[in-house]
Amino acid sequence: MTKHKYCPICRTKLKIKVFNNKERLTCPKCNYIYYKNPPPSVCAIVKNRGNILLIKRGIEPHLGEWAFPCGFIEYGETAEDACLRELKEETGLSGTIKSLYNVKSSEIDIYGHLIIIAYIVLVDDKKPVGGDDAVDAKYFSIDKAKQIIIPEQRSCLNDENII
């Protein structure tokens, strides 16, 4: 179920109990319940002059493959701020949120179950440069992007709201 063994409140050994028809780790002393929730992440979808911005991933998962700029929301950060931070870190571009594109769940081997919040982002006309955990960043035609983007993100490029 999880690697957690002890209560973070009182340090008593956690026990498995059934709550709401699910097995959950609980503390028999202080009644703390460990809920394993999916971490939230963000994705920046940038379209410029009919092209789509992608980054070449410099880390797993999908090392060396092309994807939208994306990453995890830090504690205390809004989803919108995280999206713009990840965009800046991975491409060097500053942007503004145009609209929420979608929110979906995804299962990724290395992280497990994630919640992905995708935004349509407007950027300036500067040239993108790979940074942080991206080794490259550039614009591709929609057709080319459909061929090279990671499978989990390909469906976004078939949506009329993007094209």
Q: Let me know the longest stretch in the chain that avoids all trypsin sites (Lys or Arg not before Pro) found in a DSSP loop with at most 14 other C-beta atoms within 10 Å.
A: 50-125
Q. Hey, what do the phi angles of segment 93-98 turn into as Karplus ³J(HN,Hα) couplings, whole Hz, using 6.51/-1.76/1.60 and θ = phi - 60°, x for Gly and Pro?
A. 9, 8, x, 10, 6, 8
Q.
So if I place +1 on the C-beta of Lys and Arg and -1 on the C-beta of Asp and Glu, and nothing else carries charge, what would the dipole magnitude of segment 94-163 be about its Cα centre? I want it in debye, nearest 20.
A. 220
Q) Once phi is turned into ³J(HN,Hα) by the Karplus curve 6.51 cos²θ - 1.76 cosθ + 1.60 with θ = phi - 60°, what whole-Hz value does each residue of segment 129-143 show in order, with x for glycine and proline? A) 9, x, x, 6, 9, 10, 8, 7, 8, 6, 8, 10, 4, 4, 4
**Q.** the chain: antiparallel DSSP beta bridges as a percent of all, rounded to 5
**A.** 80
Q: Rank these for me by crowding, 83, 27, 10, going from fewest to most other beta carbons within 10 Å.
A: 10, 27, 83
Q: Starting with the fewest neighbours, write out 91, 12 ranked by other beta-carbon atoms found within 10 Å of each beta-carbon.
A: 12, 91
Q: Find how many whole Å separate the alpha carbon centroid of segment 53-97 from the alpha carbon centroid of segment 105-135.
A: 4
Q) Taking segment 48-141 on its own, what percent of its Cα-Cα pair distances exceed 15 Å? A) 61
Q: Please report 106, 99, 41 as a ranked list, fewest other C-beta atoms within 10 angstrom at the top and most at the bottom.
A: 99, 106, 41
**Q.** Vicinal HN-Hα couplings computed from phi for segment 47-59 (Karplus, 6.51 cos²θ - 1.76 cosθ + 1.60; Hz; Gly/Pro x)
**A.** 10, 9, 6, x, 9, 10, 7, 10, 10, 8, 5, x, 9
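Each value in this text was obtained by applying a stated rule to the coordinates, not by laboratory testing. Keep in mind that this is a model prediction, so the values were computed, not measured. All Cβ positions, even for glycine, are placed from backbone atoms using ideal geometry, and neighbour counts span all protein chains on display.
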